[in-house]
Amino acid sequence: MSAASKNFDAYWMPFTANRDFKKKPRVINSASGHYYTADDGSKLYDTFSGLWTSGLGHCHPKIVEAVQEQVAKLDYCMTFQVTNDKAVALAERVVNMAPDGMTQCFFTNSGSESVDTALKIALGYHRARGEGNRTRLIGRERGYHGVNFGGMSVGGMVPNRKVFSANLIPGVDHVRHTHDIEHNAFTRGQPEWGAHLADDLERLCALHDGSNIAAVIVEPVAGSSGILPPPVGYLERLRDICDKHGILLIFDEVITAFGRLAQPFGAQRFGVTPDIITTAKGLTNGVIPMGAVLVRDSIYDAFMQGPENMIELFHGYTYSGHPVAAAAGLATMDVYDEEGTFEQAASLEQHFEDLLHSFADHGHIIDVRNYGLMGAIEMAPRDGAPGARGGEAHKKCFWDENLVIRNGMDTLQFSPFLNSNPDEMQKSFETVRRVLDTIE
Ligand SMILES: Cc1ncc(COP(=O)(O)O)c(C=O)c1O
């Protein structure tokens, strides 16, 4: 049955122009490796690794097998006061890859839940240490931390916040984002300009007194707002200011963990260790929803007080540490190791960067940026119609070229597979160029 003959009435699609999509729908039915198959039988190359999720490609046989085996063996087991072997094993596996000192792993089901969990852990930590006055949370403009109330509040994506403006959690401020085309346009990798923007945190410490601030959350490389790599020295400066004022630093690594920056974590790539790391996506290669929050031992230790028979943190989800998700996570970690995925990702970076920056002199392009296997091509908005060029490029790629790309307004974003074939990657950018040639 083709998409046109399906009834979409009951289906409210997330982050989608529903009416527009449903006028001319096309549905993906299956996938293998680097390609999707649509219901009309055509194959589409995926330039976005799912939604930053599927770095190993789709339906990796080892992960599929692990999930099939697990679901037949233990389909569910609560993890409140009981647990399962796969959750325990995955926690150990993930902390063994983490920066030194991050010895604790708390499971969630998504990036949004990881972020809200991290914020709650930060607040609980200060309270447990007798600094319950540290309640303020700091995010960054153009940050994306998911769509739950905590993450939305510390996030800095205006359309996501606008409707809920009066209901965002109180006591949140934002530092400035680091992107400035005047200084940073067409930078390959980290821009030289902008480390001083971290001093915005000092301004907020002066305003509120640093002793009232619980945590600062940033993505090491902002992803969904258009790939904004941190200026050289910026993350180090944030770390220093947090240390000076006793503020916890949270890296939201929902995108950057598990190889997107050719390391297990962005923290390792940048040589800056936060206090808490949030993850999801690449934890299971997107196969089963799952997130994890990694925490320094000193934070966990602060909670471990009072009577030993009492729950220390009143937080958790029915599906935290779900055995099937954890089995998918363990198989994913096996594949990363066995196939040398992070090394593969590293070997693709230069090729990816060169392909992206070959667009620098193309009409309408006002910026190209990249870091690791994250990249963006930004077009100038059409007069009076911001987002139109990006939307058209997306649709033409999808419908005319069988290529899945992602656009945020007029910025095309790319998140290639960590094990991409360099020729396929090149062909996908040739297709993008052909499409951009037609955009007025
Ligand atoms: C950095 C970051 N944090 C949080 C999230 C939210 O994750 P989810 O959509 O799984 O809730 C995302 C999603 O893209 C993200 O990129």
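The values are calculated or read from the model by the stated rules, or taken from the named source; none is laboratory data. Computed from a prediction, not measured in an experiment: that's the story for all the values here. Backbone-built Cβ (ideal geometry, glycine too); neighbour counts: all protein chains shown. Protein only, heavy atoms only, side chains kept; ligands, DNA and RNA dropped before computing areas. Shrake-Rupley method; radii C 1.70, N 1.55, O 1.52, S 1.80 Å.
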Of these, 275, 297, which one is closer than 23 Å to residue 317 by Cα, away from the ligand (no atom under 12 Å from the Cβ) and surrounded by 21 or more Cβ atoms within 10 Å (Cβ to Cβ)?
275
From 126, 145, residue being of a type outside the set (A, V, I, L, M), more than 11 Å from the ligand (Cβ to nearest atom), in contact (Cβ under 8 Å) with a residue 40 or more places away in the chain and open to solvent by less than 10 Å² (accessible area, probe 1.4 Å):
126
Go over the candidates 265, 270 one by one and state the one that is without any contact (Cβ under 8 Å) to a residue 60 or more places away in the chain, within 16 Å of the ligand (Cβ to nearest atom) and within 20 Å of the chain's Cα centre (by Cα).
270
Considering only residues that are farther than 18 Å from residue 55 by Cβ and open to solvent by 60 Å² or more (accessible area, probe 1.4 Å), which ones fall in region 413-440?
423, 426, 427, 430, 433, 434, 437, 438, 440
Restrict the check to region 222-234 and report whether at least one residue is more than 18 Å from the chain's Cα centre (by Cα), hydrophobic (A, V, I, L, M, F, W, C) and under 30 Å from residue 48 (Cβ atoms).
yes
Does residue 110 meet the test of being surrounded by fewer than 21 Cβ atoms within 10 Å (Cβ to Cβ), under 19 Å from residue 281 (Cβ atoms) and either polar (S, T, N, Q) or within 16 Å of the ligand (Cβ to nearest atom) (or both)?
yes
Apart from one, (1) closer than 30 Å to residue 78 by Cα; (2) open to solvent by 30 Å² or more (accessible area, probe 1.4 Å); (3) touching a Lys or Arg at 6+ places or on another chain (Cβ under 9 Å) all hold for residue 323; the odd one out is (2)
Can you tell me which of 286, 291 is under 20 Å from residue 89 (Cα atoms), open to solvent by less than 10 Å² (accessible area, probe 1.4 Å), touching a helix residue (DSSP H, G or I) at 6+ places or on another chain (Cβ under 8 Å) and small (Gly, Ala, Ser)?
291
Here is a list: 351, 362. Which entry is open to solvent by 10 Å² or more (accessible area, probe 1.4 Å) and either farther than 25 Å from residue 269 by Cβ or assigned to a loop (DSSP other than H, G, I, E, B) (or both)?
362
Can you tell me how many residues in region 129-140 are away from the ligand (no atom under 14 Å from the Cβ) and open to solvent by 10 Å² or more (accessible area, probe 1.4 Å)?
8
Hey, residue 282 hits all of (1) within 12 Å of the ligand (Cβ to nearest atom); (2) in contact with a strand residue (DSSP E or B) (Cβ under 7 Å, 6 or more places away or on another chain); (3) over 30 Å from residue 133 (Cα atoms) but one; which does it fall short on?
(2)
In region 376-390, what count of residues is obtained for those that are surrounded by 15 or more Cβ atoms within 10 Å (Cβ to Cβ) and among the acidic types (Asp, Glu)?
1
Filter region 300-316 for residues that are of a type in the set (A, V, I, L, M, F, W, C) and out of contact with any Gly (no Cβ under 7 Å at 6 or more places or on another chain); which is most open to solvent (accessible area, probe 1.4 Å)?
314
Residue 410 vs (1) of a type outside the set (Lys, Arg); (2) surrounded by fewer than 23 Cβ atoms within 10 Å (Cβ to Cβ); (3) in contact with an Asp or Glu (Cβ under 9 Å, 6 or more places away or on another chain): all pass except (2)
Just checking, does region 83-102 include any residue being within 16 Å of the ligand (Cβ to nearest atom), under 18 Å from the mean Cα position of the chain (by Cα), modelled with pLDDT of 95 or more and closer than 30 Å to residue 269 by Cα?
no
Name the residue, out of 211, 225, 153, 165, that is away from the ligand (no atom under 14 Å from the Cβ) and either in contact (Cβ under 8 Å) with a residue 60 or more places away in the chain or open to solvent by less than 60 Å² (accessible area, probe 1.4 Å) (or both).
211
